[in-house]
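The values are calculated or read from the model by the stated rules, or taken from the named source; none is laboratory data. This structure is a prediction, so every number in the text was calculated from the model and none was measured. FYI the Cβ positions are ideal-geometry reconstructions off the backbone, even for glycines, and counts take in every protein chain you see. Side chains are part of the model used for accessible areas, which takes the heavy atoms of the whole protein and leaves out ligands, DNA and RNA. Shrake-Rupley method; radii C 1.70, N 1.55, O 1.52, S 1.80 Å.
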Amino acid sequence: MPNSAKGTLYRGRQGMWSWVAHRITGIAIFFFLLVHVLDTAVVRVSPEAYNAVISAYQNPIMGLGEAGLVAAIVYHAFNGLRIILIDFWKNGAKNQKAMLWGVLVLWVVVMVPFLIRHLSIVFGGH
């Protein structure tokens, strides 16, 4: 790799992978919202059809999907704040790697209790 590319913010380093993850989580959240709007709109057509759609969602696979959705939202939110700091804080670009580690630590701190509670409900039936 040439020396000029070695010091860039995103090329193959943590910044690039956080950029990729931010885009992937954003797209996943968008498609969830699209499906959510569509399945909620079914209630206008037929309340019975809506109830059938919602009851189809009540299974462990969808419970895991919900956990993935929350994981995506939490990462996207924390990383979005990191991006704002990179853009508007004069030392943001210099500290972007440390802030990414902060995002990941906060993500774990939020997700572990959520997953313990959520997965106990999904698989325990409580």
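Remark: pairs (first residue in the stretch 28-57, surrounded by 13 or more Cβ atoms within 10 Å (Cβ to Cβ); second residue outside any helix (DSSP H, G or I); Cβ separation under 9 Å; 6+ apart in sequence or on different chains) = ASP39/TYR57.
Applying the criterion of being part of a helix (DSSP H, G or I) and under 26 Å from the mean Cα position of the chain (by Cα) to the residues of the stretch 43-61, the residue that is nearest to THR25 (Cα to Cα) is ILE61. Take the conditions (1) in a helix (DSSP H, G or I); (2) more than 18 Å from PHE31 (Cβ to Cβ); LEU64 misses just one of them, which is (2).
Please determine whether any residue of the stretch 83-94 is at pLDDT below 95 and in contact with a Ser or Thr (Cβ under 7 Å, 6 or more places away or on another chain). No, the conditions are met nowhere in the stretch 83-94.
Taken over the stretch 75-90, the criterion of being in a helix (DSSP H, G or I) and without any contact (Cβ under 8 Å) to a residue 60 or more places away in the chain is satisfied by TYR75, HIS76, ALA77, PHE78, GLY80, LEU81, ILE84, LEU85, ILE86, ASP87, PHE88. Given the criteria under 21 Å from ARG117 (Cβ atoms) and under 18 Å from the mean Cα position of the chain (by Cα), does ALA67 qualify? The answer is yes for ALA67. Can you spot a residue in the stretch 97-114 that is exposed (fewer than 13 other Cβ atoms within 10 Å of the Cβ) and within 13 Å of the chain's Cα centre (by Cα)? So far as the stretch 97-114 goes, yes, one or more of its residues are exposed (fewer than 13 other Cβ atoms within 10 Å of the Cβ) and within 13 Å of the chain's Cα centre (by Cα). Of all residues in the stretch 115-126, those that are closer than 16 Å to ALA72 by Cβ and either touching a Gly at 6+ places or on another chain (Cβ under 9 Å) or open to solvent by 70 Å² or more (accessible area, probe 1.4 Å) (or both) total 1.
Exactly one residue among ALA72, ALA93 is surrounded by 11 or more Cβ atoms within 10 Å (Cβ to Cβ), touching a residue at least 24 places away in the same chain (Cβ under 8 Å) and assigned to a loop (DSSP other than H, G, I, E, B), and that residue is ALA93.
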